[in-house]
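So that we are looking at the same thing, I have put the structure below in structure tokens.
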């Protein structure tokens, strides 16, 4: 029994120490990333500055930002697009939605045709221009690539909430005030 206790204590201490070093390494990695550069399908650059509490979006100061990771062949993503269009239209003075297409590699021309067909009224970033963002989010949030996936930031850039799956507009809007 004493041996079991000693092994358990030693193993538990090693586990805690390993978790500490892993967390420290992840925190160091997060600190090393200062800016993430994106380009929308229309060529608009968007710089994201990584902060301790979230992201600052250079083009959208003073607005809450909703990052929507989606795919053009994802049924729930397709169902949420009209709701996001409506939310962007009704809250254009205080909210900026940014779509990030992460499902498949496609040309900007093809994605722009999709955007036009769906009537999307917010900027969209194609997967080829979002690898740094996708990698950073996966490494720092536990997101495993499920879509739709949304991150809500308040107007100061603090992350307020993350959602996997479809979410009613009213729920999202609670976090952008």
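The values are calculated or read from the model by the stated rules, or taken from the named source; none is laboratory data. Here the structure is a predicted model, which means the values were calculated and not measured. Heads up, the Cβs are rebuilt from the backbone with ideal geometry, glycines too, and the neighbour counts pull from every protein chain shown.
Would you pick out the residues in the range 113-141 that are over 11 Å from the mean Cα position of the chain (by Cα), without any contact (Cβ under 8 Å) to a residue 60 or more places away in the chain and either closer than 13 Å to residue 69 by Cα or outside any helix (DSSP H, G or I) (or both)?
Matches in the range 113-141: 119, 120, 121, 122, 127, 131.
Do you know which residues across the range 69-81 are in contact with a helix residue (DSSP H, G or I) (Cβ under 6 Å, 6 or more places away or on another chain) and outside any helix (DSSP H, G or I)?
70, 71, 72 - these are the residues of the range 69-81 that are in contact with a helix residue (DSSP H, G or I) (Cβ under 6 Å, 6 or more places away or on another chain) and outside any helix (DSSP H, G or I).
Is there a residue in the range 21-28 that is within 20 Å of residue 131 (Cα to Cα), surrounded by 10 or more Cβ atoms within 10 Å (Cβ to Cβ) and modelled with pLDDT under 95?
Yes, that holds for at least one residue.
For residue 51, state whether it is touching a helix residue (DSSP H, G or I) at 6+ places or on another chain (Cβ under 6 Å), surrounded by fewer than 18 Cβ atoms within 10 Å (Cβ to Cβ) and in the same structural domain as residue 169 (by TED's automatic domain parsing).
no
Any residue at all in the range 144-158 that is in a helix (DSSP H, G or I) and touching a residue at least 60 places away in the same chain (Cβ under 8 Å)?
No - not one qualifying residue is present in the range 144-158.
Within the range 97-112, which residues are out of contact with any strand residue (DSSP E or B) (no Cβ under 8 Å at 6 or more places or on another chain) and assigned to a helix (DSSP H, G or I)?
Within the range 97-112, 108, 109, 110, 112 qualify.
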